[in-house]
1. For the cross-link pairs 201/235; 130/217; 74/217; 217/254, which exceed 32 Å when the distance is taken from alpha carbon to alpha carbon?
2. Given the peptides 298-309, 209-220, arrange them by the average over their residues of other C-beta atoms within 10 Å, most packed first.
3. Once amide H atoms are placed 1.01 Å from N in the peptide plane, what residues at a sequence separation of 5 or more from residue 122, or on another chain, have their amide H within under 5 Å of its amide H?
4. Which of the GluC sites (Glu not before Pro) found in the stretch 153-201 are loop residues per DSSP with 11 or fewer other Cβ atoms within 10 Å of their Cβ?
5. Counting each DSSP H run of 4 or more residues in the chain as -39500 (n - 2.57), what helix-only mean residue ellipticity at 222 nm follows after dividing by all residues, to the nearest 500 deg cm²/dmol?
6. Residue by residue through the stretch 193-200, what is 3J(HN,Hα) from phi via Karplus (6.51 cos²θ - 1.76 cosθ + 1.60, θ = phi - 60°)? Round to whole Hz and write x for glycine and proline.
7. When you have a sec, figure out the Kirkwood radius of the chain from all distinct Cα pair distances and drop it here in Å to one decimal?
8. Rounded, prolate or oblate: which one fits the stretch 168-323, using the alpha carbon gyration tensor with axes a ≥ b ≥ c (rounded when a/c is under 1.5, else prolate when a/b beats b/c, else oblate)?
Amino acid sequence: MDAVSLFPALDQRPKIRQPMQVDKQTSREIRGELMTRLNIRRLGYALGAEVTGVDLRQPLGVEIVAAIRQAWLKHIVLCFPGQELTPEHLMAFSERFGDLDDNRFSQALSHPDHAPVFLISNSPVNIKEKRIDGAVNDHWHSDLSFSLRPSTATILNAQQLPEIGGDTMFANMYMAYDALSPAFKEAIESLEAVHDVAVPKAFSTLSPATQASIRQKNPPVAHQLVRVHPETGAKALNVGRISGIVGMNGDESKPLIDFMNRHATRYEFIYRHRWSVNDLLMWDNRCALHYAIPDYEPTCVRLLQRCSLLGERSGYIPSSSSN
Ligand SMILES: O=C(O)CCC(=O)C(=O)O
Ligand SMILES: [Fe+2]
C-alpha cells in the first residue's frame, strides 16, 4: 500500500510537479523505458525508497531525471544501491538536479581535485596527499540550514564502511508538522528560528581559532520555522540546529526548541538506513532531518563522498539583539 493513502494528512498535499510534457510517441517509449529501468521499492513507512535498474555512471536522459526527481519528492530519501562512482560521476549525476555547492566556506573537507565533492570520513584520511579530517555528524540537522542558501538535496555515496554500525537516520518533517495540534500550528506559523552552525556539541571541541573562522564565515541565519516546500507546496517543520527564536529570550525559546526537536524526531517519523558499500543516497533537506550514528569500532574507516545542491536564497542574518 502507498504511504500517501495510509496517512490522510499527506493526501492533502498538493500534487508534486509532473515530469515535463512529451509527445505521445516519446511518452510511450518513456513508459516502456521506465518500466524496465526504474524500479522503486519503499524502504520505510515514513520515508525512503530504493531505486534500481539505473546506472548512474551513464548520462541520464531528461525523462529518467524527471522520474527520479518525482520519486525523490515523493519518498524524500532515495537509495540507489550498487553505484560505484568516481567523483566526476557523482558531480555529473548531482548537477542534473541543481546547482552544486562548491564548499567555498569549508574547503578543508573537499576532494583535492574537485571542490564540490566533500569527503565524509570518521577519521582523517589522505586523498592525493591532502589530509581530510574526520567529521561525525551525530546531531539532527538539515544541510546548510545555517546559510542563506540551505541545501535542497544531499547526495551521498558510500565507499568504505565499518563491518557493523554507522547507520544514518532520516526524519520526515511533513509528518512532524502534520502531527502537531491545530492550536500549536497556529502559534508557530509566523515564527522564525535562528539556525546556527555552532549548535552541535562537536563544535565546542574545535580549537578556538577554528571556531572563530567557521563562525565568521557562517553567521547565524533566521528562517521560517514552518516552511512551504517550493516544489510540493506542503508545509514542513524547519528545525534542527536552532539556537533561538527571533524576538524571544532564551527562557522562552529553549523549551519550545527542545520540544520541537524532540517531536520532529519521534520514532514513527524515522527511516534508518543501513548502508552497503556503493549505496548512493539522495535526500531532500527541505522536508527531512538526518543524523549519522557513530556506533562502530573507532579504528574502522567509514568514508563517503558527497555533493550537495544549493537551494534558493532564503532567510536573513538577524541583528544579535533580535533573539
Ligand atoms: O555520515 C553520514 O551518514 C551523514 C553525514 C551528513 O550529515 C551529511 O553528509 O550531510
Ligand atoms: Fe548532514
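1. Working: 201/235 29 Å; 130/217 22 Å; 74/217 34 Å; 217/254 25 Å.
Correct reply: 74/217.
2. Details: 298-309: 19.4, 209-220: 13.8.
Ranked by mean Cβ neighbours within 10 Å, highest first: 298-309, 209-220.
3. Long-range HN contacts for residue 122: 135, 302.
4. Numbers: sites: 163, 186, 189, 192; in loops: 163, 189.
Passing both the DSSP loop test and the Cβ count: 163, 189.
5. Working: 9 runs with 82 residues, N = 323.
Result for the chain, helices only: -7000 deg cm²/dmol.
6. 10, 9, 8, 9, 4, 8, 5, x
7. On the way: mean 1/r = 0.0486 Å⁻¹.
Here the Kirkwood hydrodynamic radius works out to 20.6 Å.
8. Values: a/c = 1.69, a/b = 1.19, b/c = 1.43.
Oblate, since a/c reaches 1.5 and b/c is not below a/b.
Laboratory data are not the source of any read-out in this text; all were calculated from the coordinates shown. All values reported here derive from a predicted model rather than from experimental measurement. No Cβ is skipped: glycine too gets one built from the backbone with ideal geometry, and neighbour counts run over all protein chains shown.
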